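Just so you know, all these numbers are worked out from the coordinates, no wet-lab data involved. It should be emphasised that the depicted structure is a prediction, and the values quoted were computed from it without experimental measurement. Here the Cβ positions follow ideal geometry from the backbone for every residue, glycine too, while neighbour counts run over all protein chains shown.
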Amino acid sequence: MRRRWSDSLTENFSYKVVALFISLILWLTILGRRDFVLSKNVEVDLITAPGTHVVAQTTDHIKVKVSGPRAALKKFMESSLSQNINLDISQKGEGVVYVDIPLNKIEVPLGVKILGVRPNQIQVEVVKIKESVPADGTSEEQKGQ
């Protein structure tokens, strides 16, 4: 006896439909769990000691590479809070200073992982602010005498 295709297709049809729905749900779940990778430029603001300022630095922004679910990455890309990183270099003194970028200063939403930061170190030149001299050539101390 030879069976027809239509007979084998309609036999246990309800089980086949249930199996199809279960496989679709599993496929969408696994597909939805895939982590995406994005990069974002973040500004670096340096806080110096009173009486000093930065005259040169290798870069004023860093590139942060993150991974995570699509919804969390969208939240990270749209957030304006994580646009700047404030680094305190007031304890480093004057001269050429190397500043490491700490990963804990970069705020990311729950579920987002930081894969890397480029560059991970910035070279900065810090100098003392010189006392301004008026146009007549006398300083404030000389005027008081």
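In terms of distances greater than 26 angstrom between alpha carbons, the cross-link table entries Lys40/Lys130; Lys63/Lys92; Lys63/Lys128; Lys65/Lys105; Lys105/Lys130 yield Lys40/Lys130; Lys63/Lys128; Lys105/Lys130.
Rounded to 0.05, the FRET efficiency of the Asn86 and Phe36 pair, given R0 = 22 Å and the Cβ-Cβ distance, is 0.20. Estimated at 0.36 nm per residue, the fully extended path between Leu110 and Phe21 surpasses their Cα-Cα distance by 28.9 nm. A Förster radius of 25 Å, combined with the Cβ-Cβ distance separating Glu78 from Arg118, puts the computed FRET efficiency at roughly 0.70.
Spin-label model, Ser8/Glu125: points 7 Å from Cα along the beta carbon direction are separated by 8.0 nm.
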